[in-house]
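Notes for the one structure printed next.
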């Protein structure tokens, strides 16, 4: 018995060490901000106290801040980049961001955005600084030593730009007065790779974990929502103290809104005099807030906003069981912005579309909790988020994504192009596969390692980050087995939450969980634009043994699921592992005979499967019947034998 106990103890210790928490240091910030908003001039003045903890082993001689709203000025990098991309046509359309276009170039002095630093001190001593458009460089008068803490005190002035991209005022689409994202001077991230002073050109974001204490003084008619918990709910009312209460009347011209949030890396808020407010507490979970400004002539729209709250509550248990626990006390879905844009504990939405709601809700896990550097790994946020969105949509309406394509074909049965497309798509994540196939065949694809702002086209970035990233996750399930892939996602969350993981970190979790080597998958799918294309090359019989030869046409090697259907109706699944995996996935279908073949060496362009049956006993041979492998030409994947 002692030996048995020792065996189990050793097993436990080895399992625990296998998934030990990642020990990567993080910088720390604590913001205390107080702003006073002038809703007539569309400007505000603010103070910021920033306690900065240098948890690295390196001395910092300078720091950088983001000044995002300086992008909303004619001839800014964002303006010129958008107009330059708009000069190229892709599929007959200008390649600029349709929300930006050339709008920034036309902003007047009262419509532009700006962030001006009036004063900046570190530990009470004034610091010299230099503007680099949307980045403020601060040359410190004395360095921040390792493992020490300093206090920055800043006074700043800001003008709210007309709503162009993500943030701004007087949104013509939604009617919302203020969408206040990227509104404050924000400390840039410093991590194991150094500083990340990424200029605001188009996308994406990366922030430092910390606590936020934000007080907003604004005209008393305005109603607010945002990141964090409202600390003076009893003074405000309006559903924050109790569901359904009115906004409390006050004698002063301005009202104070005081929010706090812990362990977050950004802070968003929005304001409008006509907001409606829905609150939906979840037992033993967060409170869901929905703020919206709707056209009173569209009664159905109000019902749609109410459904945002009920749907968010409905899908949360599914999210937590598949992706990890939600760690914050509240979440707000706020009408504003220019589509959907995610922030900690809140998102801005231009409408109540549940697809967007689920996408932004999922961003909480991949951009707010795991918080990979989106500039370098956009696919790890947008792609994983899109993967979750597809599953939530299916969970909510009980329909696989392929159904939309099939319904379109029913409405137009003569559409051969759509018919052929459907035959190449899996049941789930169909739209992502379709988009990826278009990009792969366009000649415009770039490696997913490309910096988000440095793609040659918005078209390539969007499909790479969202669609190819989504396909990555579903295809990983094809390689490891879907249940193993699901375990990988949960273990990834548990190990790397609040740690800013990178691609290598994810793959190490995937390898440890699956027991397979997966570096080749990263090399080919992420680092290159090589495509997958396999074909059934030929069949022949020798001495009562059927030979099925498969050929790799594309340049990306993959493990192969080969389905063989016999005239008797019996089906066999032959797994052909890739030699680079050093293993194979478990059988995914308990009702089908599974045969694991010898590994296929990636250097060899062909592979032969032998079956101890006569050729006339075979009725169909198909490569990857699940269609999860992103084979760019599926017509050569199936061979039906008419005997």
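Couple of notes before you dig in:
- Restricting the search to strands (runs of 3 or more DSSP E) fully inside region 104-151 and requiring at least 1 residues that are without any contact (Cβ under 8 Å) to a residue 12 or more places away in the chain and within 33 Å of the chain's Cα centre (by Cα) gives 129-132.
- Flag for residue 260 being surrounded by 15 or more Cβ atoms within 10 Å (Cβ to Cβ) and farther than 21 Å from residue 174 by Cα: yes
- Within region 608-639, considering residues that are closer than 28 Å to residue 432 by Cβ and more than 36 Å from the chain's Cα centre (by Cα), the one surrounded by the most Cβ atoms within 10 Å (Cβ to Cβ): 621
- Of all the residues in region 81-90, those that are without any contact (Cβ under 8 Å) to a residue 60 or more places away in the chain and out of contact with any strand residue (DSSP E or B) (no Cβ under 6 Å at 6 or more places or on another chain) number 4.
- Of the criteria (1) surrounded by fewer than 18 Cβ atoms within 10 Å (Cβ to Cβ); (2) under 30 Å from residue 139 (Cβ atoms), which one residue 72 fails: (1)
- Test set (1) under 18 Å from the mean Cα position of the chain (by Cα); (2) touching a residue at least 12 places away in the same chain (Cβ under 8 Å); (3) surrounded by fewer than 23 Cβ atoms within 10 Å (Cβ to Cβ) - residue 433 fails condition number: (3)
- Test: residue in region 584-603 that is within 22 Å of residue 528 (Cβ to Cβ), exposed (fewer than 13 other Cβ atoms within 10 Å of the Cβ) and not assigned by TED's automatic domain parsing to the domain that holds residue 512: yes
- Taking the conditions (1) closer than 30 Å to residue 54 by Cβ; (2) buried (at least 22 other Cβ atoms within 10 Å of the Cβ); (3) touching a strand residue (DSSP E or B) at 6+ places or on another chain (Cβ under 6 Å) in turn, residue 176 satisfies each one other than (1).
- Taken as a whole, region 472-483 holds no residue that is surrounded by 14 or more Cβ atoms within 10 Å (Cβ to Cβ), at pLDDT 95 or above, at negative phi and not in a helix (DSSP H, G or I).
- When 206, 184, 294 are checked against the criterion of being closer than 30 Å to residue 149 by Cα, in contact with a strand residue (DSSP E or B) (Cβ under 8 Å, 6 or more places away or on another chain) and at pLDDT below 95, 206 stands alone in meeting it.
- Here residue 210 clears all of (1) buried (at least 17 other Cβ atoms within 10 Å of the Cβ); (2) under 20 Å from residue 158 (Cβ atoms) except the condition numbered (2).
- Scope region 396-413; condition part of a helix (DSSP H, G or I) and loosely packed, with under 10 Cβ neighbours inside 10 Å; matching residues: 410, 411
The values are calculated or read from the model by the stated rules, or taken from the named source; none is laboratory data. Given the structure is predicted, the values throughout are model-derived calculations rather than measurements. FYI the Cβ positions are ideal-geometry reconstructions off the backbone, even for glycines, and counts take in every protein chain you see.
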